């Protein structure tokens, strides 16, 4: 059961996104092996934690591995002052005696510009010299762009011609401080009218 951790990370992130029974989750539950979080869901968790005040610098490379690590990062953002079982409901009226102006000012002060680098990784705009690396990613079985090319990897010329088609934003990921290429991040097929992107 969840006696050792607050319910907020389970109830507010894992249950709504994964549709799991909260009673089946323990602090030691592994996010990838037991909950099956894929890379996009892990990125969603990273964003969710940062939006709630977690400093990106304290999130380990690859993100938290367990439910307890996720909760610990969330507790660190809030100073760990929330009582077990309490929930902060976005949009709910403040408790009596709370200065709403101060709260809004605190929310604005927590807003951060986009993070394009940490001590381990950095994001760089895609340039012509990155195309061979991205093509190599496309032809690798375990991380290929098969989702993007309907199951078939194109030749280099077609790949390069279509590299920016349907892409809102795209970066290569490099290791810091060495600057070695490590991967790519893409916002693909964004639908800005519906807020998807």
Points 7 angstrom from Cα along the Cβ direction at residue 158 and residue 20: gap in nanometres?
3.9 nm
Over the residues of the stretch 121-194, compute the C-alpha Rg and express it relative to 2.2 N^0.38 Å.
1.12
Can you give the FRET efficiency to the nearest 0.05 for residue 141 and residue 58, using r as the Cβ-Cβ distance and R₀ = 35 Å?
0.55
With labels modelled as points extended 7 Å from the Cα through the Cβ direction, what inter-label distance (nm, one decimal) is found for residue 193 paired with residue 133?
3.7 nm
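We did not get these values from a lab; they are worked out from the coordinates using the rules stated. All values derive from a computational prediction rather than experimental measurement. Positions of Cβ are generated from backbone atoms using ideal geometry, with glycine treated the same way; all protein chains shown enter the neighbour counts.
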